[in-house]
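The values are calculated or read from the model by the stated rules, or taken from the named source; none is laboratory data. Computed from a predicted structure; not experimentally measured. Cβ placement follows ideal geometry from the backbone for every residue including glycine, while neighbour counts extend to all protein chains displayed. The protein model used for the area step is the full one, side chains on, heavy atoms only, and it has no ligands, DNA or RNA in it. Shrake-Rupley method; radii C 1.70, N 1.55, O 1.52, S 1.80 Å.
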Amino acid sequence: MSPRARGAAALAVALLTITLAPPPAQAAPIELSTTEHALIRFRLPDEAALQRLVAEGADIAARPKTSADGAVLADLVVDEAELTALTRSGATAIQVIQRESDGARRLAQSKARLAQVQSDTLQFLQAYWWTTNGRTFLQTQVATTATDDPDVEITVTWRTADGATGTYPLIRFEDSGEYQYHYALPQLLPSKPTQVTATSSLGGQSRAITPAVWPNAAPPPTPSGYQKDFVGAYMTPTDISARIKRLKRQYPKLVDVIDLPNKTQGYRRTAVAYLGDPNAAAVVVESVKFGDQGMNGVQVKTVDPGRANRPLSASYRDRVLTLSLATDAGGKVISTTDDVAAFISAKYPQRFRAVVEDGSAGLPMPIAGPVTLDDGLMGTEVSKKPWTVQALRIGKARDGSKVGVLAYSQEHAREWATPLVTLEFAERMLANYNTDPATKALVDAVDIFVIPTVNPDGANYSFNDFNFQRKNLSNHCTGASRDPRYRNSWGVDVNRNYTVGSYFDGYVGGSPNCLSGTYAGAGELSEAESRNVIDLAAAHPNIKFAMNVHSYGGYFMWPPGSYKADGRVTLPRPSIDESKFFLDSARRIVGAIAASRGTVTWPSYTGPVADVLYSAAGNSADQLYYELGIDAWDFEVGNDIWNDQSQEWEGVGFQPPFDEAHAESQEYAGGLVELVRVASEVSPM
Ligand SMILES: [Zn+2]
């Protein structure tokens, strides 16, 4: 509208107003019923009249106003007698502002109105779109102010530039019993969305939002001839040791190999056997030393002494432990399972320990055996020695003068793709040093540390015995939970064994149960594996950035990683500036990951661990960040893949077919290169 048109319109409105204004009317006289109070505006003849009222202590509600003709306007709470008296003294009641009876009615009216228009307020926390492999996706998060109403349904309506439109429902997301937001998985759209709105079943409506493009960052292109694709198969810890050795040999001027100070237990277990029938009555007999320390093959048996009134006794000869059971006066065997277990543990504390099998307590001990103790490990090719965990140190100046970046992987044994990521990354930095100026610049400027496998013992177990093994091989269980039927549940979750925000400090997401998948260990840093990570970082204070590589799910996260259950109080949030740095850097790294095969880490999966995944008490990134001041991120490689047939996102798992693991290694190695670029830019030393 032009200024002239606007002026004409305003005049028209003014004329209309004048035309429609009611003519002045003779006001009806104001009256009150007996005993009724009211708030009434009076016109007093002059200032003196007001002064008289003040002197009499009248209930003057509002500040009196003097009008042009010298009269005074005053609002007074009066009853019928006072109204009459005032009118007689020359005051004119000109407006009943409010009657006594109005109070209750207006309260009720206001509540009725509130009930009628009760709606929530909706706010978009995120609205992002992206295109991957020719498909356009939209992801949104919306928060309602009706946080305590679990039945609120929120629907998002999208619109594209060419007018296509559609809707989808959101899912309420609670964590630790507290409402967070409503969200949905990324939605397939015909083209780029230009507008989204959200409505709720309570009648709430959001503002219309223009979704932003995600991640809206791309790495610089690699030159032709850029070398990559250095992983051709899943790699066991033995393969990884060989790769580390080869890289040192091949690039001696750019690589150091650091032997981390804490040797692991090794791929070893105690030797154990059921003496008796675990389905009837049995004692679990276990060696104190590991099976490979001469205890595999030891035999155990019980015998009937064949004579009356014999005590329970034992002998250990020629690697056979023989228990001669107690008998009564009639020569009947009277030893129980409890007697036998206690006797073995007490008589041979350096060599054996025994517990009653769960369910066999107090039963008569059978004549059984000989049974053979065995560690049960199936990886016959694997070294049983304590393992030396190694780190690669890559850089031109490896003297602490350059900013350091630490990438470490396979804290969790079953995450087979993760060492492929860190090793692919390491070799790209080395192989392209002489031919790609950008790589050379990074390697010259940054001190890169890589621990491909933090948890080799667990990894060996995962490759040879139980592929879902997550933890290490330390067995801190006592009593009946040492029963070998639990052998696949033993171990410490390395990424719950650190000291900051730990289970031991009361944080959520670590367990005291030695059989739990998130067992926090015998104490903070009870494990060689976790001590190694911290010792490496602490010994190299130039390390300012770290990436903890896990799988799977396609997450990109940073601190805080845990909270306390009561009130969901997280570890301290990074400052606004730090949070912005984390997010801005994350977008760059997400963009670099996407450059490989179009994998886009979802915006809803990019953020603090405690917000986007779950509380993980005592994780390593939190310790690196809060104790050592390192900007510590976590990858969960292995993003869900969109299935065009089923129209669903599908998970890839810990050990996908190798082609998928290979693709993950390629894309996330690119992400680590971008992390090094971030480090080189923002933190020159
Ligand atoms: Zn993990």
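At a glance:
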{"read-out": "Accessible area per residue in Å² at 1.4 Å probe, computed on the chain", "value": "45 Å²"}
{"read-out": "Residues with amide H under 5 Å from that of T66, placed H, sequence gap 5 or more", "value": "L73"}
{"read-out": "Computed E for E36/D148 - FRET, C-beta separation, R0 45 angstrom, nearest 0.05", "value": "0.60"}
{"read-out": "Per-pair calculated FRET efficiency, R0 = 22 Å: Y614 and L185 via Cβ, rounded to 0.05", "value": "0.80"}
{"read-out": "Segments 663-670, 411-418 sorted - mean Cβ within 10 Å per residue, highest first", "value": "411-418, 663-670"}
{"read-out": "Relative contact order [Cα under 8 Å, 6+ residues apart], the stretch 376-517, whole percent", "value": "27 percent"}
{"read-out": "Charge sum, other residues only, whose C-beta stays under 12 Å from A143's C-beta, Lys/Arg counted +1 and Asp/Glu -1", "value": "0"}
{"read-out": "Relative pair counts by distance (%), Cα atoms of the stretch 612-685, 10 Å bins", "value": "15, 33, 35, 15, 3, 0"}
{"read-out": "Beta bridges per DSSP with both ends in the chain, % antiparallel, nearest 5", "value": "75 percent"}
{"read-out": "Within the accessible area of the chain (1.4 Å probe), percent carbon and sulfur", "value": "53 percent"}
{"read-out": "Over the chain: helical MRE at 222 nm, DSSP H runs n ≥ 4 each giving -39500 (n - 2.57), nearest 500", "value": "-8500 deg cm²/dmol"}
{"read-out": "Normalised per residue, the volume of the convex hull around the Cα set of the stretch 454-500 (Å³)", "value": "72 Å³"}
{"read-out": "24 Å Cα-Cα reach of K228 towards lysines, excluding residues that sit fewer than 8 places from it in its own chain", "value": "K245, K248, K253, K396, K440"}
{"read-out": "Paramagnetic label zone (point 7 Å from Cα along Cα-to-C-beta, Q293; backbone N under 20 Å) in the stretch 490-522", "value": "490-492, 522"}
{"read-out": "Extension gain from S224 to T155, taking 0.36 nm per residue of separation minus the Cα-Cα distance", "value": "20.1 nm"}
{"read-out": "Estimated FRET transfer efficiency (D505, L583; beta-carbon r; R0 25 Å; 0.05)", "value": "0.40"}
{"read-out": "Relative contact order of the chain, pairs being alpha-carbon contacts under 8 Å that are 6 or more residues apart, as %", "value": "11 percent"}
{"read-out": "Residues in the stretch 280-305 reached by a label modelled at Y316 [backbone nitrogen below 16 Å; 7 Å Cα→Cβ]", "value": "284-302"}
{"read-out": "Gap separating the Cα centres of the stretch 376-447 and the stretch 589-624, nearest whole Å", "value": "20 Å"}
{"read-out": "Most to least packed among 215-228, 477-490, 120-133, 448-461 [average Cβ atoms within 10 Å]", "value": "448-461, 120-133, 477-490, 215-228"}
{"read-out": "Cα pair distances exceeding 33 angstrom across the chain, given as percent", "value": "64 percent"}
{"read-out": "Local net charge near N472, Cβ-Cβ under 14 Å (Lys/Arg +1, Asp/Glu -1)", "value": "+2"}
{"read-out": "Additional length obtainable on full extension of the chain from S201 to A62, 0.36 nm per residue less Cα span", "value": "45.7 nm"}
{"read-out": "Packing-based order for 522-534, 231-243, 169-181, using average beta carbon neighbours within 10 Å, highest first", "value": "522-534, 231-243, 169-181"}
{"read-out": "Separation in nanometres of the label points that stand 7 Å from Cα toward Cβ, at D79 and E627", "value": "7.7 nm"}
{"read-out": "The stretch 167-256: equivalent-ellipsoid semi-axes (sqrt of 5 x gyration tensor eigenvalues, Cα, Å)", "value": "49, 21, 12"}
{"read-out": "Environment charge at V257 (Cβ cut-off 15 Å; Lys +1, Arg +1, Asp -1, Glu -1)", "value": "+4"}
{"read-out": "Alpha-carbon centroids, the stretch 184-259 and the stretch 274-294: separation in whole Å", "value": "48 Å"}
